[in-house]
Amino acid sequence: EAQVTQNPRYLITVTGKKLTVTCSQNMNHEYMSWYRQDPGLGLRQIYYSMNVEVTDKGDVPEGYKVSRKEKRNFPLILESPSPNQTSLYFCASKGAGGTHEQYFGPGTRLTVT
Amino acid sequence: GNSVTQMEGPVTLSEEAFLTINCTYTATGYPSLFWYVQYPGEGLQLLLKATKADDKGSNKGFEATYRKETTSFHLEKGSVQVSDSAVYFCALSETSGSRLTFGEGTQLTVNP
């Protein structure tokens, strides 16, 4: 089954404790992206990657890091989480070509206390 | 920059009522337009899309027409069901396809 998976689905942590949210897709997609969803703001892009070893900032990259060492994986790293990073996070992937449809993972709800 | 504006929610309707959720956009070039739906506790799913002016996207009884002259992509359904209760997001994609710009989302609740 074609899908985007994220882990963990739920995470409660404390300020300053480094964490990683994993994202994996099995569709051989070139493009992957991370979004955060906050009430009244919709989804905002954090980082994206056009292919292996190619990453770029989205609209709200501060406080986040990403890497793309393999085509299927695109982890999101919070080196020193803060309470304003409490949010619902979505990973998405898209194949090359003109369709521009993105496939989303199930989401990771992060709470930073 | 690009932006998407959706009608404010939440929207509450009775079953079999007519639904319209307004969406307008600002973009340079010729973006593709999308409606995504998010059911409770789930990720976003593509509902429908349109890639050029006057295209009509449709799926599961929902429709939206890409209107370049009014920069709009309003979502409509003739008869909603309880199972349509969800959050609906309008979005646009730049020509390069590297980024989706989302509206704020509209919560729809359909009562039996």
Looking only at segment A:48-82, and only at residues there that are aromatic (Phe, Trp, Tyr) and more than 11 Å from chain B (Cβ to nearest Cβ), the one that is surrounded by the fewest Cβ atoms within 10 Å (Cβ to Cβ): A:64
task: Considering every residue within segment B:86-98, establish whether at least one is at pLDDT below 90, among the hydroxyl-bearing types (Ser, Thr, Tyr) and in contact with a Leu (Cβ under 8 Å, 6 or more places away or on another chain).
output: yes
query: Among the residues of segment A:72-85, is there at least one that is of a type in the set (Lys, Arg) and either more than 12 Å from the chain's Cα centre (by Cα) or more than 22 Å from residue B:31 (Cβ to Cβ) (or both)?
result: yes
query: Does segment A:104-111 include one or more residues that are more than 9 Å from chain B (Cβ to nearest Cβ) and either among the aromatic types (Phe, Trp, Tyr) or assigned to a loop (DSSP other than H, G, I, E, B) (or both)?
result: no
message: Can you report the number of residues in segment B:61-97 which are in contact with a strand residue (DSSP E or B) (Cβ under 6 Å, 6 or more places away or on another chain), free of Cβ contacts under 8 Å to residues at least 24 places away in the same chain and among the small types (Gly, Ala, Ser)?
response: 1
task: Go through the residues of segment B:93-102 one by one and say whether even a single one is charged (D, E, K, R) and either at the interface with chain A (Cβ under 10 Å from one of its Cβ atoms) or closer than 13 Å to residue B:27 by Cβ (or both).
output: yes
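Tell me whether segment B:20-32 contains one or more residues that are at the interface with another protein chain (Cβ under 10 Å from one of its Cβ atoms), surrounded by 12 or more Cβ atoms within 10 Å (Cβ to Cβ) and either among the β-branched types (Val, Ile, Thr) or within 29 Å of residue A:23 (Cβ to Cβ) (or both).
yes
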- line: Screening A:15, A:5, A:20 for residues that are under 19 Å from residue A:80 (Cβ atoms), under 11 Å from the mean Cα position of the chain (by Cα) and of a type in the set (S, T, N, Q) leaves only A:20
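The values are calculated or read from the model by the stated rules, or taken from the named source; none is laboratory data. Quick caveat, the model's predicted, so the values are computed rather than measured. Every residue, glycine among them, receives a Cβ derived from its backbone with ideal geometry; neighbour counts consider all protein chains shown.
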